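No value in this document is a laboratory result; all are computed from the given coordinates. Keep in mind it's a predicted model, so treat the numbers as computed, not measured.
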Amino acid sequence: MAAPTNQAAPQTGAHAVIADAVDPARRPDVLLRVRRDDGHEISAWWMVGAFVGVSAAVISLLSWVPGGS
């Protein structure tokens with residue numbers, strides 16, 4: 001006896017492109033994501049400064065851990 005086919009099963013494979021699709025990066029409910037216009041990107045120095053700041057904070061907090069050299 002053949003297994004019954006389930007017509008309500010989700011379709012897999014290629015899907016058609018929806019004409020009014022919304023870019024997920026532009027959804028209003030995406031947290032901590034800012035889309036800026038071309039030419040208004042954040043400076044790389046902010047990322048360098050953030051790395052240095054976080055590294056300094058981690059090193060200073062690790063100095064309180066006993067048993068270090």
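The length gained by stretching the chain between residue 45 and residue 63 to full extension, at 0.36 nm per residue less their Cα-Cα distance, is 3.8 nm. Along region 36-51 the Karplus relation, 6.51 cos²θ - 1.76 cosθ + 1.60 evaluated at θ = phi - 60°, assigns HN-Hα couplings of 9, 5, 4, x, 10, 6, 6, 5, 5, 5, 5, 5, 5, x, 5, 5 Hz to successive residues, with x for each Gly and Pro.
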